[in-house]
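Colleague: Before we start, here is the structure in question, set down as structure tokens.
Please treat every number below as a calculation from the coordinates, not as lab data. Values in this document were obtained by computation on a predicted structure and should not be read as measured data. All Cβ positions, glycine included, derive from the backbone under ideal geometry; neighbour counts span all protein chains shown.
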Amino acid sequence: FLAGLAAHDVVFAQGKFPTAKTIFTQDLPDIEGYEAQIIEVGLQPGAQLGGHRHSGHMFVYVVEGEIVSQLEDGEKISYKPGDYWYEHPMMLHADFFNPRESVTAKAVIFSVVEEGKPQTILEPAHEH
């Protein structure tokens with residue numbers, strides 16, 4: 001999910017960036033070369049991931065806390081448990097963060113991605 005790394009457990013230092021844990025991956029035999037993934041993303045208070053894109057279809061469902069998301073040049077929208085959004089492949093996800101100072105946020109993401117492609121590509125100014 002994050003930083004163009006393989007979609008395995010990824011954790012960035014000091015809780016400032018989101019964490020991602022792959023829960024499930026399944027080849028899609030009816031769609032050759034593609035797989036479905038379910039990923040749990042956690043955002044500690046203040047965690048943020050700036051501009052990035054996803055190579056596949058992303059269906060995001062917030063299960064805990066609050067997540068602020070901005071797609072393309074649209075407005076920043078606050079999502080709470082039960083809220084969801086969709087991102088089409090290579091759409092600019094301009095911002096993604098937990099605005100709370102003391103509450104962890106969590107989302108479950110269902111994605112359909114081309115096998116072997118990085119799921120997340122950071123915009124150059126945000127690479128670590």
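Colleague: Cut-off under 19 Å on the C-alpha distance; same-chain residues fewer than 8 positions from Lys21 excluded. Which lysines are left, in chain and number order?
Modeller: Qualifying lysines at Cα under 19 Å: Lys106, Lys117.
Colleague: What's the local net charge at Thr25, with K and R +1, D and E -1, over the other residues with C-beta under 11 Å away?
Modeller: On the way: positive: none; negative: Asp27, Glu35, Glu115.
My count for the surroundings of Thr25 gives -3.
Colleague: Shifting gears a bit: By how many nm would the segment from Glu72 to Glu32 lengthen if fully extended, with 0.36 nm per residue of separation less the alpha-carbon distance? Please list the in-between numbers first.
Modeller: On the way: separation 40, 0.36 × 40 = 14.40 nm, distance 2.93 nm.
Additional length available on full extension: 11.5 nm.
Colleague: How far, in nm, would the chain grow between Asp95 and Val108 when pulled straight, counting 0.36 nm per residue and subtracting the alpha carbon separation? Please list the in-between numbers first.
Modeller: Working: separation 13, 0.36 × 13 = 4.68 nm, distance 1.73 nm.
Extra length available between Asp95 and Val108 comes to 2.9 nm.
Colleague: Let me ask something else. Pull up all non-local amide H partners of Gly56: gap of 5 or more, or a different chain, and H-to-H distance under 5 Å with H placed in the peptide plane.
Modeller: Met90
Colleague: Can you tally the net charge around Ser55? Count Lys and Arg as +1, Asp and Glu as -1, for every other residue whose Cβ sits under 13 Å from the Cβ of Ser55. Intermediate results must be reported in sequence, preceding the final value.
Modeller: Working: positive: Arg53, Lys117; negative: Glu35, Glu87, Glu114, Glu115.
For residues surrounding Ser55, the net value is -2.
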